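Computed from the coordinates by the stated procedures, all read-outs in this text should not be read as laboratory data. What you are looking at is a predicted structure, and each value in this text was computed from that prediction instead of being measured. Cβ coordinates were reconstructed from backbone atoms using ideal geometry, including for glycine residues, and neighbour counts include every protein chain displayed.
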Amino acid sequence: MATRTVLVSLVLSCFFPLKAQDVSFRHLTVEDGLSQNTINCIYQDYYGFMWFGTQDGLNCYDGYEFLTYRSVPEDSTSLSHNWIWDVVEDDSHNLWIATWNGLTKYDRSLGAFQRFLPDSSDQRSISGTRPASLARDSKDQIWIGIWGGGLNVLDPATGTFTRYRNAEDPDQNYPGDFVRKLYIDLKGTVWIGTWNGLWKCRIGQDSLAVFESFFHDPDDPASISSNRITSFQEDQEGNMWIGTLGGGLNLYDRDRNSFKRKVHDPDDAGSLSSNDIASIELLADGSLWIGTVSRGLNRFDLED
């Protein structure tokens with residue numbers, strides 16, 4: 001099911017400099033047409049459409065209107081749940097959507113959704129009902145982080161899944177079965193965000209090898225601001241933006257191996273609208289979009 005909301009004020013005419021000490025953010029909420037103010041994910045697809053995953057449906061913006069997709073209990077070709085965790089696009093430009101009740105594929109040619117759920121008799125099925133994160137690699141495989149189900153790798157062409165689970169030896173595999181966010185950077189490094197820190201991994205033949213991890217240190221202002229990692233986005237300079245719960249936005253400097261923080265300031269209307277960051281997306285125009293928990297969207301321009 002889809003509903004339309006005419007957008008009145010999403011046109012953003014102001015761009016704000018990253019180099020300034022006090023970066024300014026533009027804020028968007030349900031008053032601007034969103035179906036809900038918690039933005040779990042942001043994705044710009046091949047055709048330029050913006051997709052916003054919320055706790056009340058999937059929002060698509062075409063430059064003029066919001067189109068909101070929701071689950072319909074009696075319709076198996078609708079979304080499997082209204083709580084949307086993540087969205088990614090495959091090589092055929094179909095969308096894969098992580099929901100609170102399984103993985104869903106949006107087939108553009110059919111205009112319909114297909115659901116993928118665990119099958120105890122099939123080891124090539126998805127390993128859990130609560131996928132929380134999706135990331136596409138250079139082979140068009142989709143990596144899936146699942147609450148309590150570890151990591152899965154999906155072949156979109158066949159619809160089959162390969163399962164990875166946490167090994168007893170943490171040096172030989174990834175750091176746990178509760179993965180909140182996955183990101184594969186331009187060098188092929190897998191970034192894994194959990195509720196207990198940040199991990200960088202290399203993809204092996206049948207496992208992920210951890211080679212670096214980061215944790216919040218209250219005595220070190222250059223450490224990551226929180227251990228609850230929710231989102232990643234690499235920018236044009238190769239820097240990594242990292243969203244956290246409670247710690248705002250972090251910019252990881254690869255050369256210095258340290259973090260700079262952008263946080264909410266109640267006395268500054270141009271600061272982040274919240275320190276609870278749920279999602280980040282870099283658009284082709286150089287603007288960075290940040291989704292928050294309950295406080296809508298933020299945007300600023302990296303190129304100025």
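Other residues with beta-carbon under 9 Å from the beta-carbon of residue 239 carry, at +1 per Lys or Arg and -1 per Asp or Glu, a net charge of -3. For region 58-97, the equivalent ellipsoid derived from the Cα gyration tensor has semi-axes of 18, 15, 10 Å, listed largest first. Among the lysines of the chain, pairs that are 8 or more positions apart or on different chains and have alpha carbons within less than 15 Å of each other number 5. Net charge in the neighbourhood of residue 159 (other residues with Cβ under 10 Å of its Cβ; Lys, Arg +1, Asp, Glu -1) is +1.
In whole angstrom, how long is each semi-axis of the equivalent ellipsoid of region 173-300, when you take the square root of 5 times every eigenvalue of its Cα gyration tensor and sort them from largest down?
Working: eigenvalues 117, 52, 38 Å².
Its equivalent ellipsoid spans semi-axes of 24, 16, 14 Å.
Over region 37-86, Cα pairs under 8 Å with separation of 6+ residues give a relative contact order of 33 percent.
Among the GluC sites (Glu not before Pro) in region 20-84, those placed in a DSSP loop whose Cβ has at most 12 other Cβ atoms within 10 Å are 74. The listed peptides 225-232, 39-46, ordered by packing as a protection proxy, come out as 225-232, 39-46 (highest mean of other Cβ atoms within 10 Å first).
Set the Cα radius of gyration of region 257-304 against 2.2 N^0.38 Å, with N its number of residues, and you get 1.19.
Contact order for the chain, expressed relative to its length and based on alpha carbon pairs under 8 Å spaced 6+ residues apart, stands at 15 percent.
I need the fraction of alpha carbon pairs in region 223-275 separated by more than 17 Å, rounded to a whole percent.
35 percent
Among the GluC sites (Glu not before Pro) in region 203-289, those placed in a DSSP loop whose Cβ has at most 11 other Cβ atoms within 10 Å are 237. Estimated at 0.36 nm per residue, the fully extended path between residue 32 and residue 122 surpasses their Cα-Cα distance by 28.0 nm. Given R0 = 45 Å, the distance between the Cβ atoms of residue 110 and residue 189 translates into a calculated FRET efficiency of 0.80. Once you sort the root eigenvalues of the Cα gyration tensor of region 85-143 as a ≥ b ≥ c, which label holds: rounded (a/c under 1.5), prolate (a/b larger than b/c) or oblate (the other case)? Prolate, since a/c reaches 1.5 and a/b exceeds b/c.
Cα-based radius of gyration for the chain, normalised by 2.2 N^0.38 Å, reads 0.96.
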